[in-house]
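For reference, the structure discussed in these notes is given below.
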Amino acid sequence: MITFLTTLLFCCSGILIALLLAYPLFSYLRSVISPDPVKKDATFQPPVSIVIACYNEERYLQEKLETLLAPDEWIEGSEIIVVSTGSTDRSNSILQSFAHRPEITILLEDRITKIEALNKAVPLARHDYLVFSDCRQYMKPGSVKELISNLKDERVGTVTCTILDTRERPTFFRRLYLFLAKCDSKANSTFNLYGALYAQRRDVFRPIPDHLLFDDFFVAISTLSQQKRLIQEENSVLYDIPFPHYYHRERIERLARGLLIFFFNNYSLIGQIPLKTRIRLLIYKYLKLLLPFLALIFALTSLLLFWETLFSVTTLFVITMLSLFVLTSNSLTQHCFLILKINLYFFNALLGYAFLNRRSKHWKPLNIRRKWYRLGVHETSPEK
């Protein structure tokens, strides 16, 4: 009986790990074998309602508004709705300097969440197409127009931008996520939606539940549950801080907690997604959270079932990996350590959620640093 259970755990954990690791190959093959390209039309530029929720964004707010109003970005007849969610810095003063512009509507609120701000702003929108934008990230000119041109295709409900680390080559993990989103978008829908910049049909928008941790994941699931496509636009680009700097312990644990809160409180919405897409979603978004547990189960059951064989194989593997670390660049070592750290943080977040009641939707502002490369100028500043 013990041997049977050990073998069952070994097989199940091995299959689940293989499914997760094989997802990139599956995604690529699917995009090649059965592509379903979006009918994008660059001449399709209807007026849009741009929604911005800001809290203490005095360093970025004016530049963001000027960027959106620039000729490369602005679509004639559009509007901007800015909700200040209880800002205590100079953000409200900066907004007042734009109050004379008829295309800008300003809402000054007491301290409310981003989700509450978006839900307040959308009913005020005058147009059939919505664009949601954050303030902090630098945006490639023409990004809004690139997003909107995809909505000519009636099957597309939401279009997300592409996130790059800087103007330099993205890190490995950023490239991997971009590759998966590109392949999934070609065949059907991606599961990545970047809340910093995306466009959506107004009739696809649904009020976002305020008990959630992430508004962007709800928007993605809501779009798919309405049988609409969610795609990534390669030519709509935001430049953000490098992946390893952004995904540190606090953010990774918050990510895991947010996914779990959504899964247990809103699975009925996930259940409305077509079965094939739902299976892909669960593999892509949730199986990675279980990877630390699956790897531990797989390792322990392997030791029990194949002790003598594994002893020599493991020894050879350790020697090989140490040699690679010595002989290769620091980049490989950094990637390996980043994978280990991410999985340890997932492990801690899952244990905390399951046994220590760490299920709060509240979080402290992230204390990170960003590096932007704009026109050859290197700027480093603390993130709020």
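The residues listed here are Ala125, Ala199, Ala220; of these, the one that is of a type in the set (Gly, Ala, Ser), in contact (Cβ under 8 Å) with a residue 60 or more places away in the chain and under 17 Å from Leu281 (Cβ atoms) is Ala220. Counting the residues of the range 100-109 that are more than 18 Å from Arg126 (Cα to Cα) and exposed (fewer than 13 other Cβ atoms within 10 Å of the Cβ) gives 1.
Let's see how each residue does on (1) modelled with pLDDT of 95 or more; (2) of a type in the set (Val, Ile, Thr); (3) more than 14 Å from the chain's Cα centre (by Cα):
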residue	(1), (2), (3)
Pro170	no, no, yes
Leu176	no, no, no
Cys183	yes, no, yes
Arg201	yes, no, yes
Pro209	no, no, yes
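Among the criteria (1) of a type in the set (Lys, Arg); (2) more than 19 Å from the chain's Cα centre (by Cα); (3) at pLDDT 95 or above, the one Lys276 does not fulfil is (3). Number of residues in the range 34-59 that are assigned to a loop (DSSP other than H, G, I, E, B) and under 17 Å from Lys114 (Cα atoms): the value is 4. Taking Glu154 as the residue in question, decide whether it is in the same structural domain as Ile75 (by TED's automatic domain parsing), within 19 Å of Gln45 (Cβ to Cβ) and without any contact (Cβ under 8 Å) to a residue 24 or more places away in the chain. So Glu154 passes the test.
For the range 114-121, the criterion of being surrounded by fewer than 20 Cβ atoms within 10 Å (Cβ to Cβ) and on the phi > 0 side of the Ramachandran plot is satisfied by no residue at all.
Annotation note: Cβ proximity below 8 Å between a residue of the range 182-195 that is not assigned by TED's automatic domain parsing to the domain that holds Leu224 and a residue that is outside any loop (DSSP other than H, G, I, E, B) (sequence gap 6+ or interchain) occurs for no pair.
Results for (1) assigned to a loop (DSSP other than H, G, I, E, B); (2) closer than 22 Å to Thr160 by Cα; (3) not assigned by TED's automatic domain parsing to the domain that holds Tyr177, shown as yes or no for each residue.
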position: Ser13; (1), (2), (3): no, no, yes
position: Leu19; (1), (2), (3): no, no, yes
position: Glu66; (1), (2), (3): no, yes, no
position: Pro71; (1), (2), (3): yes, yes, no
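The values are calculated or read from the model by the stated rules, or taken from the named source; none is laboratory data. Remember, predicted model here, so these are calculated numbers, not experimental data. Here the Cβ is made from the backbone with ideal geometry for all residues, glycine too, and neighbour counts use every protein chain on show.
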